[in-house]
Structure formats: structure tokens, C-alpha cells
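Peer 1: Handing you a structure now.
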Amino acid sequence: MIFLDDDSDNKPFIKKIKSRLSFGNDISTIGITDIINNAIGYGFWLYIASILSVRDYGEINYFIALGGIISSICLIGSYNSMVVLLAKNVKIHTSLISISLIIGICSSIVFSLITGSIELGFLIIGYIVMNLTIAEITGKKLFHNYFRYIILSKIFFVVLSIILFHIIGIKGIILGIALSSLIFLVHIIKILLTEKVDFRILWKERKFILTNFITSSFDAAAGNLDKIIIFPVLGLISLGNYQFGLQIAGLLMLLPNIIFKYTLPTDSQGFSNKRIKQALVATITIFTTMFILLAPVIIQAIIPKYSQAIPIIQIAALSAIPNTINYMILSSYLGRQRYRVTLTHSIIYTSTLIICIVSLGSIMADIGLAISFTLAQCSVTIYYTALHLRSKTNVER
């Protein structure tokens, strides 16, 4: 298995896993937080999907995707830059927070005026503040703060979204997401009031930040541009089915996301995570097989109106295996600040996804969209495999 790092100690693997998963340790805190967070989130979106039409569900996700792209660009690569550099005790967070907030506030005003949607403006600011906070506390390994902020914001998200939905309709859900994200503003204000802003560090690390900015922009496009394209090409109903399918299949990425939050800062500090990464890929392969077999029964029993999304769910679920491999390799490269590799990763994924959506989506409709998503993940895995084989050949020579 290709994971770019080697175990650096002789500690038995089982004991190593137990020590890292024991209650109160970093990885267990991340895991418990993300499990609770995703359980609440998935429960909420299943409820919303059950009471909304497929069209309205597609419209909500269109605006969420738009907010995600804009906010990610405003972050100028802050997330990965902060996680990696703070783990190395480089105090870059205050300058990145300051610049991101200024850009974000200006952008939220502009796009609110362009779209006539105040909710979108709030959503942009909310996403920026949330990601800045998570990056700062992850980089500093303040994982108990991570637990408090994530769970509290998710509870507010559900309560506010449901209340506002019954008052002003589907726009209330978008506003609920935005307002719940602003709970992270308390932490950001505290940082800006108590810690010094030093732009000299920003200039010193400009190459790494610029690469992360380009990479995160491509990632945001890859994660959201598909929804922006699907809306005018195939309509909101196709978008609703597609997004529902991806959200259900996304359950398989819960564990890889947890592990990635742990491996990125530890990879940055030079610790080995190879055995954990290999065990994760094997686990996800088993889970994916079971998920594909059980998905039709579960969807028909819970939300039968989305039965047309079952093939989408099954095809998208296959992407979990290459996606997990990509996540773990990306963690290694980000930890080593390998700029070009991570940038190429994002370019390959984004370009493959967009090309496949436009071509396969127009030919095969919803099924083509799911195939496009899976092929995009596989294209990145092929890239990493070719990169590994080339480096191995060079070593042998």
C-alpha cells in the first residue's frame, strides 16, 4: 500500500492503535465529535428530504454549493496552511484570519447584492468563520475545544433551521446554517484581541499559502461546481436526486474524515501513520461492499420517493475506496509541504469531474453524474499510483 511514510518505531501495531484510540486521546476526541456531528447532520437532512420536494431539496443545495465555493476562495488557502504550520509552531493564524475576514465581508456584501439573497451573504461569512476556527484548533491540537464548538454549532444549526424553515420557508434553512456557523465568531474575536498579527510570517510562507489557496479553490470547485453545473443543464430535480445520493454515500467517508483530521497534524510533525492508513483502506473496502448491498432496502424503507436515487447511491459509494486512499496520501504530502503534488491532485480531480459531468451527464442523466463523481476519485488514485511507481523506478536506478 502506498502511503509515503514508514513506521518509525517498533511498538506493536495493536498496542499503537489502542493507545491512539483510548478515551481522552486526540483521535478518540475527533472521532466522537465527528460521529455525533454527522449523526445529527444526517438525521436533519433525512428529515428535510422527507418533507421537501426533490426540486426544493435541489434548490437548497444549489445555494449551499454557491456559498461553499465563494467562502473557500475567500479563505485564501487558510485551512490547510494553518493546520500544517501551527502544528510546526509557526504562528501564522492571526494574519490569515485577518485577511480572510476582510475578503469574506466584502464578498458577502457583493454577492448578496448580485443574487438578492441576504441569506447567501450570511452563509459565506459563517463558513469562513467556521473553517478558520476549526483550522486553528486542529493545528494547535485543541481537540476538546473542537468537540465543544462543533457539537454546539450543530445543535444550533438544527434548531434554527427548523424554526426558520417553518417561518420563511426553504431560505430559513440556509439562514439557519449561516447563523449557527457564526457561533465560531467568539473564538475568532478572542484570537484577534489577544494575539499579535504578524504579516512577516505570511510573506515568509507565501509559496505554501499560495499553493494551498490554488489547491483549496480547485477542491471547492470540485466539491461544489458539479451542483452549479447540474442546475442549468439537467434541472433542480436531477440536482436533488444527485445530492441526496452523494449525501447518503458520504456516510462511508465519515471514518476517513476522522482519521484525516488526526493524520494531517501528526504527518506534519514527522510521525508515522502508515499502518493506521492501511487498516483504514481495508475497513472502508468492507464497509463499501456491505453498503452497496443494503442501500436499496434501506432507501425503500425510509424515503421511497428517492428510489430513483438508489443507483446513484450505489455508484457513488464505490468512490469511497479511492477517495480514502487519496485522503491518506494527501495527508502525507500536505504534512511534508509538497506543493506541486497536492495542486496536481486538485487539478486532475476537478477537470475530470467537470468534463465527465458535462459529457456523461448529458448522455446518461443522473446515472452519468454518479459515474462522473466516482471516475474523478479514481483519476486521482491513478495519478498517485503513477507517481509512486515513477519514484520507485528512480530509486532502483
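The values are calculated or read from the model by the stated rules, or taken from the named source; none is laboratory data. If you're wondering where the values come from, they're calculated on a predicted model, not measured in any experiment. In this analysis, Cβ positions are derived from the backbone assuming ideal geometry, glycine residues included, and neighbour counts consider all displayed protein chains. Areas reflect the complete protein model, heavy atoms only, side chains present, ligands, DNA and RNA absent. Shrake-Rupley method; radii C 1.70, N 1.55, O 1.52, S 1.80 Å.
Peer 1: Taking segment 255-287 only, how many residues are farther than 21 Å from Ile36 by Cα and of a type outside the set (Lys, Arg)?
Peer 2: Quick first cut of segment 255-287, residues farther than 21 Å from Ile36 by Cα only: 264-279, 281-282, 285-286.
Cutting the leftovers down to of a type outside the set (Lys, Arg) gives us 264-273, 276, 278-279, 281-282, 285-286.
Result for segment 255-287: 17.
Peer 1: If Pro322 passes every condition in (1) at pLDDT 80 or above; (2) part of a loop (DSSP other than H, G, I, E, B) but one, which one does it miss?
Peer 2: Going through (1) at pLDDT 80 or above; (2) part of a loop (DSSP other than H, G, I, E, B) one by one, Pro322 breaks only (2).
Peer 1: Only one of (1) free of Cβ contacts under 8 Å to residues at least 60 places away in the same chain; (2) farther than 24 Å from Ser72 by Cβ; (3) open to solvent by 60 Å² or more (accessible area, probe 1.4 Å) is not met by Lys196, so which one is it?
Peer 2: (1)
Peer 1: Answer yes or no: is there a residue in segment 98-121 that is among the hydroxyl-bearing types (Ser, Thr, Tyr), outside any helix (DSSP H, G or I), more than 20 Å from the chain's Cα centre (by Cα) and buried (at least 17 other Cβ atoms within 10 Å of the Cβ). So that I can check it myself, show each step before the final result.
Peer 2: From segment 98-121, those among the hydroxyl-bearing types (Ser, Thr, Tyr) are 98, 100, 107-108, 112, 115, 117; that's our starting set.
So of that shortlist, the ones also outside any helix (DSSP H, G or I) come out as 117.
Add one more test, that the residue is more than 20 Å from the chain's Cα centre (by Cα), and what stays is 117.
Right, trim to buried (at least 17 other Cβ atoms within 10 Å of the Cβ) and you get 117.
Yes: segment 98-121 contains one or more residues that are among the hydroxyl-bearing types (Ser, Thr, Tyr), outside any helix (DSSP H, G or I), more than 20 Å from the chain's Cα centre (by Cα) and buried (at least 17 other Cβ atoms within 10 Å of the Cβ).
Peer 1: Any idea which of Ile64, Ile51 is crowded, with 16+ Cβ neighbours inside 10 Å and aliphatic (A, V, I, L, M)?
Peer 2: Values: Ile51 fails: crowded, with 16+ Cβ neighbours inside 10 Å.
Just one listed residue meets the conditions, Ile64.
Peer 1: Something else: Look at segment 296-328 and say how many of its residues are open to solvent by 70 Å² or more (accessible area, probe 1.4 Å) and either under 30 Å from Val341 (Cα atoms) or charged (D, E, K, R) (or both).
Peer 2: Matching residues across segment 296-328 total 2.
Peer 1: Would you check if there is a residue in segment 238-248 being in a helix (DSSP H, G or I), over 15 Å from the mean Cα position of the chain (by Cα) and surrounded by fewer than 20 Cβ atoms within 10 Å (Cβ to Cβ)?
Peer 2: Within segment 238-248, none of the residues are in a helix (DSSP H, G or I), over 15 Å from the mean Cα position of the chain (by Cα) and surrounded by fewer than 20 Cβ atoms within 10 Å (Cβ to Cβ).
Peer 1: Now a separate question. Against the conditions (1) in contact with an Asp or Glu (Cβ under 9 Å, 6 or more places away or on another chain); (2) open to solvent by 20 Å² or more (accessible area, probe 1.4 Å), where does Ile363 fall short? Just the number, please.
Peer 2: In the conditions (1) in contact with an Asp or Glu (Cβ under 9 Å, 6 or more places away or on another chain); (2) open to solvent by 20 Å² or more (accessible area, probe 1.4 Å), Ile363 misses (1) alone.
Peer 1: Give the number of residues within segment 258-284 that are surrounded by fewer than 18 Cβ atoms within 10 Å (Cβ to Cβ) and under 26 Å from Trp45 (Cβ atoms).
Peer 2: Looking only at that region, the number is 1.
Peer 1: Between a residue in segment 272-300 that is over 24 Å from Tyr262 (Cβ atoms) and in a helix (DSSP H, G or I) and any residue that is at pLDDT 85 or above and of a type in the set (Gly, Ala, Ser), which pairs come within a Cβ distance under 8 Å, given they are 6 or more apart or on different chains?
Peer 2: Ile292/Ala317; Ala295/Ala317
Peer 1: Filter segment 123-161 down to the residues that are charged (D, E, K, R) and not in a helix (DSSP H, G or I) and list them by number.
Peer 2: Looking only at segment 123-161, we keep the residues that are charged (D, E, K, R), and these are 136, 140-141, 148, 154.
Matches in segment 123-161: Lys140, Lys141.
Peer 1: Same structure, new question: Just the residues that are in contact with a Gly (Cβ under 7 Å, 6 or more places away or on another chain) and either under 11 Å from Leu353 (Cβ atoms) or β-branched (Val, Ile, Thr) (or both), please, taken from segment 216-229.
Peer 2: Looking only at segment 216-229, we keep the residues that are in contact with a Gly (Cβ under 7 Å, 6 or more places away or on another chain), and these are 216, 220, 223-224.
Hits for segment 216-229 are Gly223, Asn224.
Peer 1: Would segment 123-140 turn up any residue that is open to solvent by 10 Å² or more (accessible area, probe 1.4 Å) and more than 23 Å from Ile209 (Cβ to Cβ)? It would help to see each step written out before you state the result.
Peer 2: Of the residues in segment 123-140, the ones open to solvent by 10 Å² or more (accessible area, probe 1.4 Å) are 125, 127, 130-131, 134, 140.
Retained after the next criterion (residues that are more than 23 Å from Ile209 (Cβ to Cβ)): none.
No.
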